[in-house]
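Each reported figure results from applying straightforward, stated rules to the coordinates on display, with no laboratory input. Fair warning: this is a prediction, and the values are worked out from it, not measured in the lab. Using ideal geometry, Cβ is built from the backbone for each residue, glycine included, and neighbour counts are taken over all protein chains shown.
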Amino acid sequence: MKKFPKIALCLAAALIWPAAAAPARAQTAATAPAGSSPQTAPDIGALMRQVLANQDKLDKIRENYACRDARVTEKLDKHGRVKKRTADVYEISFLGGREIERLVEKNGEPLGAKAQEKEDERIRKEVEKYEREKQDRAKREKERRQAEIQIQDFIRADRYDNPRREMVDGREVIAFNFERNPHFKAHTLAEKLAQSLEGTIWIDAQASEVVQLAARFDKNFGIGWGILASVHRGTAIEFEQTLEHNQVWLPVYSQIHVSARALFFGANVNVTDRYSDYRRFHVRATFSLSKPH
């Protein structure tokens, strides 16, 4: 079970899901007609806080959807050549802003009976864990405050330019670029992380949702002076969402490139997810592992 990429998490996700992102795909977004101007764009800080505040409502809507995720993972050598490639397919449901992944195919082959049973048991335990944590209101409130702090860190540590209105899938969105603020002195780990990122965000202001994100590290980022871990420059994430049933934005594509080192372990990996076959399907049915109709 992994956290669905919210704005607060996407901008801090490099410690968990770092990725190398190319710019967001040009065929998806086009410049808005004449008449739109940067001056008509809303305040960026207020817009991002609005996105965060809207997440609980959106998470509830997402719980009524399921889809398939075709994931390709490539392990690279030091020269960027592919050493190993795997292609897996998952059934995805959403729960409280999280993705529940049930593996159904591995390298083109359906799972055997024993593997399916093991996967079902893993999901059951994950859901039970979530239900237990759900009862801990203090913990949930703490997580929300941490997410808000991440947003504030990002707002303080970065600066923004070129706010503009663009069209994505026939809807008007607010796009803006972000980069480190050279006048801001970062003190906390979150502030230093936020200040290491640069990229572009596209937000549907009407739905208060991130439509696209392309973010990357513009320099190496070390933890414990680089002794404990180091995320390398070029590590980044890109993802896109699509509007389903004119109701909710849901993930359609993400690309992750990890270039990092932790103690004696190094990673140089590409992960690409393509989501498809969205259907309305209450997540509770997924817990019982029955097939959607």
* Subtract the Cα-Cα distance of ARG68 and VAL104 from 0.36 nm times their separation in residues, and report this length gain in nm to one decimal. => 12.0 nm
* Residues VAL82 and GLU126, FRET efficiency given R0 of 35 Å [Cβ-Cβ distance, rounded to 0.05] -> 0.70
* Stretchable slack from ARG274 to ASN177, in nm (0.36 nm times residue separation minus alpha-carbon distance) -> 32.4 nm
